[in-house]
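Heads up, the thing below is written out as structure tokens.
The values are calculated or read from the model by the stated rules, or taken from the named source; none is laboratory data. All values reported here derive from a predicted model rather than from experimental measurement. Cβ placement follows ideal geometry from the backbone for every residue including glycine, while neighbour counts extend to all protein chains displayed. Ligands, DNA and RNA are stripped out before the accessible areas are found, and what is left, the full protein with its side chains, is counted by its heavy atoms. Shrake-Rupley method; radii C 1.70, N 1.55, O 1.52, S 1.80 Å.
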Amino acid sequence: MSPVILSAAGAALVLDDSGPGLPRVRHFGAALGPLDAPLPAAVVAPAFASPAPPLLPAQGDGWYGRPGLSGVRDGEHWPVRWSVDRLEARAEPGSGGTVTVTATDAQAGLSLVSELVMDEGGLVRMRHAVTNTAPSPYRMQGLVCALPVPARAGELLDFTGRWGLEKVPQRREFGYGVWSRENRRGRTGHDGTGLLVAGTGRFGFRSGEVWAVHAGWSGGHVHYAERLPEGVALLAAGELLDPGEVVLARGETYRTPWVYFSWSGTGLDEVSARVHGHLRSRPLPVRPVTLNNWEATYFDHGLDRLLELAERAAAAGVERFVLDDGWFRHRRDDRAGLGDWYVDEGVWPDGLHPLAVRVRELGMQFGLWFEPEMVNPDSDLAREHPDWILGRPERTPPPYRNQQVLDLARPEAYAYLLERTSALVGEYALDYIKWDHNRDIAEPVHDGAPGVHAQTLAAYRLLDELRARHPGLEIESCSSGGARIDLGILARTDRVWTSDSNDALDRQAIQRWTGLLVPPERLGCHVGAPGDHITGRSLPLAFRAATALFGHMGVEWDLTSASEAELEELATWIALHKRLRPLLHAGRVVRADHPDPSALLHGVVLPERAVYAYVQQASRLDMAPAPLRLPGLDPAATYEVRTAGPAPERALLPEWAAAPVRVPGAVLAELGLPAPALRPASALIIELERV
Ligand code: DGJ
């Protein structure tokens, strides 16, 4: 017997297709060596009492946990038992491949197509499509993608959060039963886990064996980890459907979103690198340093003030100016106007042209904020088309931020939004859209049935169509900050607004954990005001800038109120970002398992250069800071090490910070650099060049 083996970048997935039923996943983990002889059957065949779960686990396969597929057909119940019609595998050892399995269950009246892909970076993605082949309707209740993890994966890590504080990690034992993270918010959610991770005890960024799952979907979704006493455990994810949301008539198909699985033998950094590699397979143009006016002016769209902001931004080195909420009809505050996507004639008598033209004269790109999926009841749109609001026609759902959701699956609403957004992109030759979505969706009803599935697909279609009409247009996914960050939305947008919090201390953690999934060039990271608008905390500019430096850098600060000295320092940081940008936006992200809980050490590494930040978050307990053992370098190379950017205030810097030193990579990794003594809320940037 020769099982199907996908392998790439040190990872492998082994499928046993000796039947009966769907192939069983015998291994997802480390590559198995060159494998020039077939694997012996005795090794691959299901072990006694512990059958490896098949691609879509069901009771008939000996899996008594949550089923991979659940659904009902009125008056008839056939537990599903698939027989495989075809298995096509295109596997190139060392560079991944694809497996497509087609199966049917004639009695249950269903057919299945399962696709499994391992990309060159070793990231696995899977999706299933189920078709109803019988005359009566089939009510789909759930269809998830799952992969087994071995018994040694004894710990779980997942994430929660809220507005202004996304991606807060939580860890627990991976015990028996189900740990399920379920989202019914109609958007990915501030508390969306992003990745659900299982690993060997106390796994870190650079140590431990780790498995992770992520559903690439922006509507309702579920991620879960399940362990059964049969000695089997798995990670699974998929769309979370409401009862009656997907009912398949004969011949109709339901397809899951892509679900991603990442394995690492050396901690979270490698899990992350595989996902980053996937996102980087769609390259982006150079990320222009961006200024967004939201926290600078809010709804005050006085042209003079905005022009002054633009002048100062350009002088500081900003390359893209984004006009946020407040430019369209009736939008003087957040109580009215959403849906009326026409430039407000009172506030902007000459349209946005005076601003857009000047922004371009100053050498910057021009971007605009939209929230297309939303409507204020106090708007011309809602008055003309109250029936376009997503919900029951008899009543409106509870409002949030004075707004309701538009039913995008309604062709007229969809056509209106496409026409309006497209017309404005055309009229102002917009380079960029900040696409917001500021509420969870309550009571989503489309055509009398649950509506999040259709809404999500329609939003995706709208984004796809807009981009197809305007090649080169960039789109940011924002959702009250980071409430819509997933690989579904990232397949059709260019960056995310990581959080509404620009507080650099909170941002260090938010960016670190959001960055597990999203590489730096797609992570919107702005230098906020000296006193943060959400936390009220005042942090030094050097720290705010050193924090924003490591993403897609921008500014969210009223520069008209900044001093000359502040503007000069900001310009220095922006220039540093531009110089480091080719490294920051292409290199491998590394995070040290630094022993001092009051500090962080993270960086980005390319073969020829690297940059790190040593970040003091809180007061240190030890008098002497722990040495900086720099992860990710080539131990055989020698590097020239120097500090970069303005020095942190009142720091005790070690000798090497005064003049560049040459140090072997192995020494930097093992012995480490003597660390500076930093005050809380300060950071030292360290730059390395291979010599
Ligand atoms: C929420 C976003 O996260 C903010 O950045 C800003 O765009 C506001 N919406 C505008 O209403």
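So, in region 61-87, of the ones that are farther than 13 Å from Gly19 by Cα and outside any loop (DSSP other than H, G, I, E, B), which residue ends up farthest from the chain's Cα centre (by Cα)?
Glu76
With the checklist (1) under 25 Å from Arg484 (Cα atoms); (2) within 13 Å of the ligand (Cβ to nearest atom); (3) buried (at least 16 other Cβ atoms within 10 Å of the Cβ) in hand, flag the one item His301 doesn't pass.
Failing condition for His301: (1).
Take the residues of region 367-386 that are away from the ligand (no atom under 16 Å from the Cβ) and touching a helix residue (DSSP H, G or I) at 6+ places or on another chain (Cβ under 9 Å): which is farthest from Asn293 (Cα to Cα)?
So, considering only residues that are away from the ligand (no atom under 16 Å from the Cβ) and touching a helix residue (DSSP H, G or I) at 6+ places or on another chain (Cβ under 9 Å), the one farthest from Asn293 (Cα to Cα) is His385.
Between a first residue in region 411-437 that is open to solvent by 20 Å² or more (accessible area, probe 1.4 Å) and a second residue that is within 16 Å of the ligand (Cβ to nearest atom) and small (Gly, Ala, Ser), which pairs have beta carbons less than 6 Å apart while being 6 or more apart in sequence or on different chains?
Sorted first by the residue in region 411-437, then by its partner, the pairs are Asp431/Gly367.
Considering each residue of region 196-246, count those that are open to solvent by less than 10 Å² (accessible area, probe 1.4 Å), farther than 17 Å from Thr456 by Cα and in contact with a Pro (Cβ under 7 Å, 6 or more places away or on another chain), and give that number.
Counting residues in region 196-246 that are open to solvent by less than 10 Å² (accessible area, probe 1.4 Å), farther than 17 Å from Thr456 by Cα and in contact with a Pro (Cβ under 7 Å, 6 or more places away or on another chain) gives 2.
Just a yes or no: is a residue in region 632-655 under 22 Å from Ala273 (Cα atoms), at pLDDT 95 or above, surrounded by 18 or more Cβ atoms within 10 Å (Cβ to Cβ) and touching a Phe, Trp or Tyr at 6+ places or on another chain (Cβ under 6 Å)?
Scanning region 632-655, I find no residue that is under 22 Å from Ala273 (Cα atoms), at pLDDT 95 or above, surrounded by 18 or more Cβ atoms within 10 Å (Cβ to Cβ) and touching a Phe, Trp or Tyr at 6+ places or on another chain (Cβ under 6 Å), so the answer is no.
What pairs come up if the first residue lies in region 538-565 and is free of Cβ contacts under 8 Å to residues at least 12 places away in the same chain and assigned by TED's automatic domain parsing to the domain that holds Val611, the second is hydrophobic (A, V, I, L, M, F, W, C) and open to solvent by less than 20 Å² (accessible area, probe 1.4 Å), and their beta carbons are under 7 Å apart, counting only those six or more places apart or on different chains?
Close Cβ pairs satisfying both conditions: none exist.
For His533, which of the numbered conditions (1) in a loop (DSSP other than H, G, I, E, B); (2) within 16 Å of the ligand (Cβ to nearest atom); (3) in contact with a Gly (Cβ under 8 Å, 6 or more places away or on another chain) fails to hold?
(3)
Any residue in region 308-322 that is within 14 Å of the ligand (Cβ to nearest atom), under 20 Å from His577 (Cα atoms) and either open to solvent by less than 30 Å² (accessible area, probe 1.4 Å) or at pLDDT below 95 (or both)? Spell out the reasoning first.
Our first condition is that a residue be within 14 Å of the ligand (Cβ to nearest atom); within region 308-322, this holds for 322.
Retained after the next criterion (residues that are under 20 Å from His577 (Cα atoms)): 322.
Now drop any that are not either open to solvent by less than 30 Å² (accessible area, probe 1.4 Å) or at pLDDT below 95 (or both), which leaves 322.
Looking through region 308-322, at least one residue is within 14 Å of the ligand (Cβ to nearest atom), under 20 Å from His577 (Cα atoms) and either open to solvent by less than 30 Å² (accessible area, probe 1.4 Å) or at pLDDT below 95 (or both).
Is there a residue in region 75-90 that is touching a Lys or Arg at 6+ places or on another chain (Cβ under 9 Å) and more than 22 Å from Leu56 (Cβ to Cβ)?
First, pick out the residues of region 75-90 that are touching a Lys or Arg at 6+ places or on another chain (Cβ under 9 Å): none.
Scanning region 75-90 turns up no residue that is touching a Lys or Arg at 6+ places or on another chain (Cβ under 9 Å) and more than 22 Å from Leu56 (Cβ to Cβ).
Each row is one residue, and each column tells you yes or no for (1) touching a Gly at 6+ places or on another chain (Cβ under 6 Å); (2) surrounded by fewer than 16 Cβ atoms within 10 Å (Cβ to Cβ).
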residue	(1), (2)
Leu156	no, no
Glu173	no, yes
Arg184	yes, no
Gly194	no, no
